[in-house]
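One structure is given here, and the rest of the page talks about it.
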Amino acid sequence: MSKGKVFVVTSGKGGVGKTTTSASVAAGLALAGKKTVVIDFDVGLRNLDLILGCERKVVFDFIQALKKECKLNQAIIHVKQISDNLYMIPASQTRDKDHLSHEGVKEIISQLVEDFDYVICDSPAGIEKGAKMAMYFADEAIVVTNPEISSVRDSDRILGFLDSSTRLAEEEGKRIPQHLLITRYSPDRVESGEMLSIQDIDDILSIPLVGVIPESRVVLDSSNQGKPVVLNSQDPAGQAYEDVIKRLLGDDVPMRFTEIEKKSFLGRLFGGR
């Protein structure tokens, strides 16, 4: 068995949908038949278990496993209500990020890639210790941004760290592959000048686009229900995450939800645009 691939899901700014993305990417890969584990690196907070609907199963956490206060398999939660292939490791709510150690994270990641097809590292926002630890051992990165200038500018700073502060950059002088995911995108608001366009964002970040998640109330509703939005295949946001999974697995899928939807004649006749 070949070793699993490590993805870091990161952003320069909080509140852009990073944990929502980590949960949906992990769940989507698991539903595609890939044995997947997602780690919550946001030490001191902890939200991933809520979005995956398994907060009541938390007994041990990432820091306890790292400090050998429990065995690694005791900290791993099987999220079988979503998929037999999905697992997670929760963050600690009672420790701080100083408890993360380079050697400890390395040992845990090394064990996980032997047992899982994919290891998803849900990074805290920004460039503090937890974020640097989450990205250091990554093979690839998903950079999440909103279509607003402050979010894109902060993501640009993260690209600099991904280029220089990963194991691959330090040991082999290589740049890890980076994928751009734009969340909360609204073609109507782009057209009215309230949001940056995909082209505007590409002009600044210049990394391959892996997906565009449309603005949707269902994203918040799904999180509150403990169900990753990728499970909602009736909603455009869920469908967009399904497309992201296919692209990550190598399929050539056209980008959807990037243009204003044209109403039919009857739609316009009966009160549409």
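Over region 5-252, what percent of the accessible surface lies on carbon and sulfur atoms, probe 1.4 Å? Don't skip to the end; give the middle numbers.
Working: 4660 of 10380 Å².
Taking all protein chains in place, region 5-252 shows 45 percent carbon and sulfur surface.
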Ranked packing of 156-169, 28-41, most packed first, by mean Cβ within 10 Å: 28-41, 156-169
Sorted by accessible surface (1.4 Å probe, heavy atoms of the protein chains only), largest first, 135, 195 come out as 195, 135
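Using R₀ = 30 Å, calculate the FRET efficiency as 1/(1 + (r/R₀)^6) where r is the Cβ-Cβ separation of residue 260 and residue 209; round to 0.05. All intermediate terms of the calculation are to be shown ahead of the outcome.
On the way: r = 19 Å, r/R0 = 0.62.
FRET efficiency, residue 260 to residue 209: 0.95.
Within the set 3/227; 13/246; 80/129; 35/246, which residue pairs have Cα atoms separated by over 24 Å?
Beyond 24 Å: 3/227; 13/246; 80/129.
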Rounded to whole Å, give me the distance from the Cα center of region 145-160 to that of region 64-94. 31 Å
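For the chain, what is the mean residue ellipticity at 222 nm derived from helices alone (per DSSP H run of n ≥ 4: -39500 (n - 2.57); sum divided by total residues; nearest 500 deg cm²/dmol)?
Numbers: 13 runs with 110 residues, N = 273.
It lands at -11000 deg cm²/dmol.
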Accessible area per residue for the chain in Å², computed with a 1.4 Å probe and the full protein assembly in place, what is it? 47 Å²
Stretch residue 102-residue 148 to full length: gain in nm at 0.36 nm per residue minus the Cα-Cα span? 13.2 nm
Post the alpha-carbon centroid distance, region 197-249 to region 1-39, in whole angstrom. 13 Å
Extending each Cα 7 Å along its Cβ direction at residue 253 and residue 55, get the distance between those two points in nm, one decimal. 2.9 nm
Cut-off under 5 Å, modelled amide H: who pairs with residue 215 long-range: 184, 185, 186
With a Förster distance of 25 angstrom and the Cβ-Cβ distance between residue 221 and residue 67, calculated FRET efficiency to the nearest 0.05 equals 0.10
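Assuming 0.36 nm per residue, please report the length gained on full extension of the stretch residue 171 to residue 197 beyond their Cα-Cα distance. Write down the numbers at each step before the final one.
Details: separation 26, 0.36 × 26 = 9.36 nm, distance 3.65 nm.
Gain in length upon complete extension: 5.7 nm.
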So, R0 is 25 Å and r is the distance between the beta-carbons of residue 2 and residue 128; what FRET efficiency does that work out to, to 0.05? 0.15
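The values are calculated or read from the model by the stated rules, or taken from the named source; none is laboratory data. Note that the coordinates shown come from a computational prediction; the quantities given were computed from them, not determined experimentally. Reconstructed Cβ throughout: ideal geometry from the backbone, glycine too, with neighbour counts over all protein chains shown. Accessible surface is based on the protein model in full, side chains and every heavy atom, while ligands, DNA and RNA are left aside. Shrake-Rupley method; radii C 1.70, N 1.55, O 1.52, S 1.80 Å.
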